[in-house]
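Following: one structure in structure tokens, then a few remarks.
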Amino acid sequence: MNGFGSKRPALVVIDVQKAIDHATWAQYGARNHPEAERNIAQLLDAWRRCGLPVYHVRHDSLTPGSTYRPGQEGNEFKPEAQPLPGETVVVKHTNSAFIGTGFEETLRSAGHNVLVVAGVITNNSVEATVRMAGNLGFETYLVEDACFTYPRPDWTGRVRSAEEVHAMSLANLHGEYCVVLTTAEALRRAASLLPGWLGPPEVRVD
């Protein structure tokens, strides 16, 4: 498939804030996809070059002690995901970008019915947002290597690796709520929307 289901797919970058690097997230081990921020930066660059819509989701936690709470460094966007002037920032207080934010109305009023999603963490805010997007009727794509998560215990207490948690979350989503794809594939599709732009060197479109 070339392109997406729309000539103006919206890129949605979820919770890429400094809080995600706090040591409490890694209590059971290291995250997966250490290249995710680089991939997110590539997606942002491509969408901006193509003049496509970009939405940044910021989690302003209401939980005491959360590193995502406003007023501390963890609430700030990571350098790779800094919004540019004019780009919309959606502020959320739950795991879904659609709860209590007006995000659905913002997208629909702008005519955006196709979403390309990246961010953190795969099995929490990303999964919650993608599930709702699919249920609300948005054509949704999840860029799996522009997301990551951390190891966590399963229901029985057995610690599952970040790779396992990530893969299971994708399996829950793909085919029912979204289409899972890679950064390289998303960039190829974006390149097809802008005549004359071939994309980054590593994803040249023949």
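Taken together, the values in this text are just the output of simple stated rules run on the coordinates, not laboratory data. No experiment lies behind these values; they were computed from the predicted model shown. With ideal geometry, Cβ positions are generated from the backbone for all residues, glycine too; neighbour counts draw on all protein chains shown.
Laid out as a table, the results:
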read-out: The chain: angle of helix 36-50 to the longest principal axis, Cα-based, in degrees nearest 10; value: 30 degrees
read-out: Three principal axis lengths of region 1-145 [C-alpha, angstrom, descending]; value: 41, 31, 29
read-out: Size of electric dipole in the chain: Cβ of Lys, Arg +1 and of Asp, Glu -1, about Cα centre, debye, nearest 20; value: 240 debye
read-out: Among Gly65, Gly175, Gly74: highest mean-square fluctuation, GNM of the chain, C-alpha pairs under 10 Å; value: Gly65
read-out: Helix-only CD estimate at 222 nm, as mean residue ellipticity for the chain, using -39500 (n - 2.57) per DSSP H run (n ≥ 4); value: -7500 deg cm²/dmol
read-out: Glu76-Arg49 pseudo-label distance in nm [points 7 Å out on the Cα-to-Cβ vector]; value: 2.8 nm
read-out: Neighbour-count order for Glu127, Glu37, Glu176, fewest beta carbons within 10 angstrom listed first; value: Glu176, Glu37, Glu127
read-out: Translational D in µm²/s for region 51-137 (Stokes-Einstein at 4 °C, 1.567 mPa s, Kirkwood Rh from C-alpha pairs); value: 94 µm²/s
read-out: At most 14 other Cβ within 10 Å, DSSP loop - chymotrypsin sites (Phe, Trp or Tyr not before Pro), region 73-168; value: Trp155
read-out: Nearest-0.05 FRET efficiency for Ala171 and Arg69, computed from C-beta distance (R0 25 Å); value: 0.20
read-out: Approximate spin-label separation Thr94-Thr106, in nm, with each point projected 7 Å along Cα-to-Cβ; value: 1.7 nm
read-out: Gain in span if fully extended, Thr24 to Ala184, counting 0.36 nm per residue against the direct Cα distance; value: 54.5 nm
